Every structure is written in C-alpha cells, then in structure tokens.
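Trainee: My questions will all concern the structure given below.
The values are calculated or read from the model by the stated rules, or taken from the named source; none is laboratory data. Everything quoted here is computed from the prediction, not taken from an experiment. All Cβ positions, glycine included, derive from the backbone under ideal geometry; neighbour counts span all protein chains shown.
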C-alpha cells in the first residue's frame, strides 16, 4: 500500500468515526425530552403514585397571565402508578410523547402519608440512577403531593423552581426551615441519631391556583407556603415541630444565617410593645458534658444583630437601654432553644446533632449510649447560654415614640 | 536504546499508573472497613509501601540501561528471563483489561447507558493502542501534560466543595478498632504496588540516577491524591453513606452548586479524569506489548500491539459478564494477583540479583 492511499484510508476512517461516535446510542435531541421541574410522591396504600411537573418550553418564552403572550400553561402535571418508583416512572412512556428528564428537577414533594410510611426506596433510586440529582430539595405536604405540583405561583412561571427559591430564600433570610437535599437526608438518617427533618409546604388560602384565570386578579385564591418542620426517626415521620421550635433546631444545629428576634418592651401607658432585632450572624456550640455519669448538654450561642424596629419609647443613646434589649433578646433565643429541645425529647428524636457530638467528645461512653440512644437523649438536660450583641442601631438612635412622648415625661 | 523520558515524565507515568482507578475504587472500600479512620489506613498503606519503592529503585539501578526483559535474560539466562517476561506480560495484559472494563463500566453507568459495551471498549482500546503505537515518548509527554492538568484541577475541586466540608466528621480519631484499620490498608497498599511499572520504564529514563526520586515522588503524589479524595469524601458525606456509592469521587463533585450558574460540573471532572484513565490504559498496554515482544524476541512491536489489542477487546467483554463479578475481582481476587506480580516477583528478582552478584562481577571482570 503506498503512502498516499494509506493517508486517504486513514482520513476516511477518521471521518467515518465522526458519524458513528456522535454520542453513540445515547444521542437524544432537546425536543425529545420532557424537562421535569418538580416531582410528587404519593402512596395509595399499595402503590406509589409519582407525579411530574413538566415544563412546556414554548409557553415559558412568551409569558403568562395578563402580561400578554399566550394563555397556555407553562407547566403540565401528570401522574403514573407502580409497585416500585421506577415501575411508575416506566409507565410515563405510555402517556408522554417525550422522555422524562430529571436533571433539572428542583424539588421532590412527599405526601405526609409517604413520609409516615417511610421512603428508603426513593433515596435508593436517587443514588442508583445517574439522571436524578442528589442535590434536589425535599419537602413534605400534609395532603396530596400532586396537588402541590398543580399550583401556580406568583412571580415564578415554573412553580417547581419557585418552591426551591422559596426554600433557599427562607433559609438565608429567616433560617427557620432548612433546605434538605436528598444526600443530606440520607446522611442524617444513616447518622448516629438516625433522625432527620424536612420542611413542610402547604396550600394556604381557599381553593387552588391551578388555573391561569387566577392571575387576572391582584389577589390569588391560594398560595404555596412553608410552615412547619416534619421530624423523622428511623426513616419515618413521627411528628411536626412549629416554627419557633424549628428555629430552635436551626440555632442548635448552627444553621442560622440570618433571622430575627422579637423582644417585648413596655410602653409609657404600661401596654406591651415589641423591639425587633435582625440577627445577622450567629454561631452555636453544642457541647456534651458528663455529670455524675449522666449526659447533659450545654449550648453556647453567640449572636450579632441590628435593631431594626423599636416599638417602645427608648433612648437608644444609653448603653444600659441597649443592654436591656440585648438581655430580652437573649431570653427569647434561650426560650426558643429550650422549646425545641423539649419538643425533640417529647418526640423522642434527636434532630440537634447531639448524638454526633456525644460520639465525638466521648467515644468510649458512646459505645454504651449508642445501644439505647433514645432514652439517653430524652433524659439529657440542656443548659443554654446566649450572648447577643446589638452592634448596630440602624439609621436612628432615639425611638420615634421616645421623641413623641418626651413632653409627657417632662 | 535511546533514553527518552525525563524524571518528571516518569513521575507522571507512575502517578497515572496508580491514581486514576485508585481514586475511584479505594474510598468506598476503605471507608466501609475503617469508617472515619479510613484516612489513617491510607496513610499506613503509604508508609508500608515505602520500603518497596527502595527495592524497585534498586532493581532499576542494577539494570545497565537494557530493556527490562532483555536485561533479565542476560542476567539470569534465557529460560528464566522468558518465564519472568511472560509472567509480567500476562500481568500487564490482565491489568490493562481490568482498567478498560472499569472505565467502560463507569462511562456506561454515568453517561452512555444505552451504548453497547463493545463500542465503548473498542474505542478505548483503539485510543490506547494508538498512543502506544507512537512510542514511549508520546506516553510520557501526554502523561506529564495530564499530570499538570490534574495538579491545576485539585485546588479548584477543594475550593468548590469547601462549604460542604466538615472536618469534624473525621472525629473521634482512632475510633475504629486497629484490626479494621489494618485491614483497610490492604486495598490502598495494593494499588500503590502498581508503582512497580517503573521496572519497565526505567531503561528509557534520561537520568538513571533519579530512579528513587521518580519512584518516590510518583508514589507520594498518588498517595496524596488518594488521601485527598478519601478525606474529602469522608468530610462531605460522612462514613455511613459512602459504602453505598459506586463512585463517591463523582458524587462529591456532583453536589457542587454555586448559585444557579455553576451546577452539575461532574461532566468536566469526568472529562479530566477520563484523560488520566487513557494514560493509564496506554501505560499498561505499552508494558504488556513490551514484555511480550521482548520475551518472544519480536523485531517489531506493532504485531504484538495489534494482536494484544484485539485480544484485550474480547477478554474485557467476555471475562466479566456482570459488573458485580468485576467488582468482586477488584475487591478480592486482585489481592493475590497484585501481591504476586508487584511485590513477590520484584522481590524474587531482587533476591536473584543479590545471589548472582558475585558471578556477574566475575563475568564482568573476565570480559574486561
């Protein structure tokens, strides 16, 4: 074979490979995919009901509601059933012209029934398959998960995306509820305490916002809202914590990014007013202590804040007045933390990372405690020390009520 | 034979002969045995392997610059040289098949699940064979470029996962009992034994004086990479869920989310890591071809390369009908395999060199 012919054959072989190796057998076009933005998981007693919120790309580009453009819904929701989660997903091919693509799935909503039944199968599906992502956020709803997926949201075209944004924004600015991703949930449930938490999403208001007609008015009939904290033990939901208790969990888990604390104060006429402190930084150290052979905990909270509202006549030039507000804030935080701890003990669930810290600090005793951690935890006392510093007073010092009531004092 | 590769390139070859599959396979194995003390096991394996680096380097130093099998024949006689050559040839060929299958399984699991295995394996073997056909210099240069790329990527990987890292997950120290920590050293130790590839590449080195340095740095950089992945995996996921992950290294990158603009970056990691896998394949295929053609005194390597490549495609496809069989092979069956070829055989060669030293000196004196 002469050199020229050889070169031609090599070039032809290379050109041929560009045809056969273009993604091989996995080639798929964008218009063959159904992009899933949220997934709902329900359980009917014997079968899984999996609901998919699928994005309609053509509708997104033109906007919805009264702003012009199309009246077509930007999302479509449908469900399939199966004895296993993947079996239900397989049946989606019977009704969808496109293949479901989970790479952009933002949230997974579990019905309370599923959460109380347990959902280890779902976690297995997420870790076993390459399509779904372990970073998807998980939520629990008291009713049907499918109904949550059907709701439209103000300001966000795709409610799956909107739900994730609410969770992230709430976590960043209020820190009451955490953003729990699938891998974090798996870590918590497999951890020393075998317990975890999930935020609740529910429909507030009357009726549904499942039709575009709702957006012809300034007020929509119902909204998707975050509320309580679902508590799980050994993979099953055992109860709820209210928002105060949930904030207490955030303090104890050292997950407070920004939040607020409302401090009662006394008005001139003796009625109760409130000051508001915006907590811009907080850190908590939960330390296990062994006293006379019994396990106890101490929580040391250091918080830094700004006074954002003064509801009483206060001369905020005076350090002693500030110190008094700080002490009031410290008392509030301490109460919130104690309420959360008591609720955790009442439910028999350690969602505070107490088991991990006991294991790290007292590895020898842990071998004994781990056998019956539940009873060890439920009898452990918590001592809370809060150090709150109001570093900034905002753009004014004396409160407006102090100025208006000055005459009365004089 | 003309010396062609620098010390740094040799470091890169050794590193790429160990790390690519090690960072994939070691974390779930060591963490499932030693829990959060797995990093101690990896460190222990590195320390335990250090004397072997000196042994391998000493054997390399005894070689006056001849191709490895040719030198063994001249030293121990043709039958012994041929036997060792065949044994090494079989070892490198089997390891090459194992690497190809691991990589093909990974690509099938992660990205190309509908693409038939023969297609993935065929392309991988073809790329490795193409690299080997261009000789040791091409492998060395590619290897060095890939090493530089890996060194540049490591700080970014740590930075992107920084917020997920919790060093407290490594505590309490030495919580796992010592037998378990010791048992967990086996897997990383065996992977480090692949440093013995230096025996094949050392005659091509420009500076024979730096065998120890090349071996040591190649092994230490690999140890560092394995350690980093084990520590990061532990501090991000904790010890409990890692054993259920097939590729925790990829899960680790998969959770990176920087705002909404940097997500799902594992595909970049897979691309970069894939390059290291191709180098590893090329290194082992080169070693297999080298041993076979030297043993059989073939004039050209090309026929051996084509023959072994075709055989590798068939072997890789047929040897493990199920992925779990390959996983079991990696976990358990490789233990005697690697010990015999990477520790036992070099030790036997070392002993043989000591025993024949006097005779060799006399022969040298006679010829002079």
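Trainee: So if I check each of B:160, B:178, B:170, which one is in contact with a strand residue (DSSP E or B) (Cβ under 8 Å, 6 or more places away or on another chain) and closer than 30 Å to residue A:359 by Cβ?
Mentor: B:160
Trainee: Which residues, taken from region B:112-129, are crowded, with 17+ Cβ neighbours inside 10 Å and either free of Cβ contacts under 8 Å to residues at least 12 places away in the same chain or facing chain A (nearest Cβ under 7 Å) (or both)?
Mentor: Listed by number, the residues that qualify are B:112, B:115, B:123.
Trainee: Next question. Output the number of the condition that residue A:164 fails; it satisfies all remaining conditions of (1) within 14 Å of another protein chain (Cβ to nearest Cβ); (2) surrounded by fewer than 18 Cβ atoms within 10 Å (Cβ to Cβ); (3) farther than 21 Å from residue B:237 by Cα; (4) modelled with pLDDT of 95 or more.
Mentor: If we test residue A:164 against (1) within 14 Å of another protein chain (Cβ to nearest Cβ); (2) surrounded by fewer than 18 Cβ atoms within 10 Å (Cβ to Cβ); (3) farther than 21 Å from residue B:237 by Cα; (4) modelled with pLDDT of 95 or more, just (2) comes out false.
Residues are listed down the side, and each one gets a yes or a no for (1) part of a helix (DSSP H, G or I); (2) modelled with pLDDT of 95 or more:
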position: A:327; (1), (2): yes, yes
position: A:331; (1), (2): yes, yes
position: A:334; (1), (2): yes, yes
position: A:343; (1), (2): yes, yes
position: A:350; (1), (2): no, yes
position: A:373; (1), (2): yes, no
position: A:382; (1), (2): no, yes
position: A:385; (1), (2): no, yes
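Trainee: From the list A:143, A:160, A:103, A:131, which one is in a helix (DSSP H, G or I), touching a residue at least 12 places away in the same chain (Cβ under 8 Å) and within 23 Å of residue A:48 (Cβ to Cβ)? Step through it out loud before you land on a result.
Mentor: Details: A:143 fails: in a helix (DSSP H, G or I); A:103 fails: in a helix (DSSP H, G or I); A:131 fails: in a helix (DSSP H, G or I).
After ruling out the rest, the residue left standing is A:160.
Trainee: A further question on this structure: So in region A:179-191, with the set limited to residues that are part of a loop (DSSP other than H, G, I, E, B) and surrounded by fewer than 21 Cβ atoms within 10 Å (Cβ to Cβ), which one is nearest to the other protein chains (Cβ to nearest Cβ)?
Mentor: Taking region A:179-191 as the starting set, the residues that turn out to be part of a loop (DSSP other than H, G, I, E, B) are A:179-180, A:191.
Retained after the next criterion (residues that are surrounded by fewer than 21 Cβ atoms within 10 Å (Cβ to Cβ)): A:179, A:191.
Numbers: A:179: 10, A:191: 6 Å.
Among residues in region A:179-191 that are part of a loop (DSSP other than H, G, I, E, B) and surrounded by fewer than 21 Cβ atoms within 10 Å (Cβ to Cβ), the one nearest to the other protein chains (Cβ to nearest Cβ) is A:191.
Trainee: Another one. If I filter region B:286-295 for residues that are more than 21 Å from the chain's Cα centre (by Cα), crowded, with 21+ Cβ neighbours inside 10 Å and within 30 Å of residue B:120 (Cβ to Cβ), do I get at least one hit?
Mentor: yes
Trainee: Only residues that are assigned to a helix (DSSP H, G or I) and without any contact (Cβ under 8 Å) to a residue 24 or more places away in the chain: list them for region B:2-49, please.
Mentor: Of everything in region B:2-49, just one residue is assigned to a helix (DSSP H, G or I) and without any contact (Cβ under 8 Å) to a residue 24 or more places away in the chain, namely B:47.
Trainee: Consider region A:363-375. How many of its residues are more than 19 Å from residue A:253 (Cα to Cα), surrounded by 14 or more Cβ atoms within 10 Å (Cβ to Cβ) and either assigned by TED's automatic domain parsing to the domain that holds residue A:195 or touching a helix residue (DSSP H, G or I) at 6+ places or on another chain (Cβ under 9 Å) (or both)? Even if it seems obvious, please write down each step before you answer.
Mentor: Kept after step one, since they are more than 19 Å from residue A:253 (Cα to Cα), are these residues of region A:363-375: A:363-372, A:375.
Imposing the further condition that a residue be surrounded by 14 or more Cβ atoms within 10 Å (Cβ to Cβ) reduces the set to A:363, A:365-366, A:369-370.
Retained after the next criterion (residues that are either assigned by TED's automatic domain parsing to the domain that holds residue A:195 or touching a helix residue (DSSP H, G or I) at 6+ places or on another chain (Cβ under 9 Å) (or both)): A:365-366, A:369-370.
Total satisfying the criteria: 4.
Trainee: Return yes when residue B:82 is away from chain A (no Cβ under 14 Å) and surrounded by fewer than 21 Cβ atoms within 10 Å (Cβ to Cβ) and no when it is not.
Mentor: Considered against the rule, which asks whether it is away from chain A (no Cβ under 14 Å) and surrounded by fewer than 21 Cβ atoms within 10 Å (Cβ to Cβ), residue B:82 comes out as yes.
Trainee: Does residue A:198 meet the test of being within 14 Å of chain B (Cβ to nearest Cβ), under 30 Å from residue A:354 (Cβ atoms) and touching a strand residue (DSSP E or B) at 6+ places or on another chain (Cβ under 9 Å)?
Mentor: No.
Trainee: List the helices (runs of 4 or more DSSP H) that sit entirely inside region B:203-297 and contain at least 2 residues that are in contact with a helix residue (DSSP H, G or I) (Cβ under 7 Å, 6 or more places away or on another chain), farther than 23 Å from residue B:145 by Cα and within 12 Å of chain A (Cβ to nearest Cβ).
Mentor: In region B:203-297, B:211-241, B:248-254 are the helices (runs of 4 or more DSSP H) which contain 2 or more residues that are in contact with a helix residue (DSSP H, G or I) (Cβ under 7 Å, 6 or more places away or on another chain), farther than 23 Å from residue B:145 by Cα and within 12 Å of chain A (Cβ to nearest Cβ).
Trainee: Checking residue A:155 against (1) within 23 Å of residue B:237 (Cα to Cα); (2) away from chain B (no Cβ under 12 Å); (3) more than 19 Å from the chain's Cα centre (by Cα); (4) not in a helix (DSSP H, G or I), which test does it fail?
Mentor: Against the list (1) within 23 Å of residue B:237 (Cα to Cα); (2) away from chain B (no Cβ under 12 Å); (3) more than 19 Å from the chain's Cα centre (by Cα); (4) not in a helix (DSSP H, G or I), residue A:155 comes up short only on (1).
Trainee: Criterion first (in contact (Cβ under 8 Å) with a residue 24 or more places away in the chain, surrounded by 15 or more Cβ atoms within 10 Å (Cβ to Cβ) and within 25 Å of residue B:130 (Cβ to Cβ)) does residue B:338 satisfy it?
Mentor: Values: in contact (Cβ under 8 Å) with a residue 24 or more places away in the chain: yes; surrounded by 15 or more Cβ atoms within 10 Å (Cβ to Cβ): yes; within 25 Å of residue B:130 (Cβ to Cβ): no.
Judged against the criteria, residue B:338 is not a match.
Trainee: Of these, B:18, B:59, B:69, which one is buried (at least 24 other Cβ atoms within 10 Å of the Cβ) and either out of contact with any helix residue (DSSP H, G or I) (no Cβ under 8 Å at 6 or more places or on another chain) or over 19 Å from residue B:280 (Cα atoms) (or both)?
Mentor: After ruling out the rest, the residue left standing is B:69.
Trainee: So residue A:104 ticks every box in (1) more than 27 Å from residue B:240 (Cβ to Cβ); (2) surrounded by 14 or more Cβ atoms within 10 Å (Cβ to Cβ); (3) more than 14 Å from every other protein chain (Cβ to nearest Cβ) but one. Which box is left unticked?
Mentor: Going through the list (1) more than 27 Å from residue B:240 (Cβ to Cβ); (2) surrounded by 14 or more Cβ atoms within 10 Å (Cβ to Cβ); (3) more than 14 Å from every other protein chain (Cβ to nearest Cβ), residue A:104 breaks only (3).
Trainee: Considering only region A:215-225, I want to know if a residue exists there that is away from every other protein chain (no Cβ under 14 Å), out of contact with any helix residue (DSSP H, G or I) (no Cβ under 9 Å at 6 or more places or on another chain), touching a residue at least 60 places away in the same chain (Cβ under 8 Å) and assigned to a strand (DSSP E or B).
Mentor: Yes; the residues of region A:215-225 include at least one that is away from every other protein chain (no Cβ under 14 Å), out of contact with any helix residue (DSSP H, G or I) (no Cβ under 9 Å at 6 or more places or on another chain), touching a residue at least 60 places away in the same chain (Cβ under 8 Å) and assigned to a strand (DSSP E or B).
Trainee: I need the full set of residues from region A:165-178 which are part of a helix (DSSP H, G or I), more than 18 Å from residue A:209 (Cα to Cα) and in contact (Cβ under 8 Å) with a residue 40 or more places away in the chain, in order please.
Mentor: Selection gives A:167, A:170, A:171, A:172, A:173.
Condition check ((1) within 14 Å of chain B (Cβ to nearest Cβ); (2) surrounded by 22 or more Cβ atoms within 10 Å (Cβ to Cβ); (3) more than 23 Å from residue A:335 (Cα to Cα)) across all residues:
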| site | (1), (2), (3) |
| --- | --- |
| A:210 | no, no, yes |
| A:235 | yes, no, yes |
| A:238 | no, no, yes |
| A:244 | no, no, no |
| A:251 | no, yes, no |
| A:270 | no, no, yes |
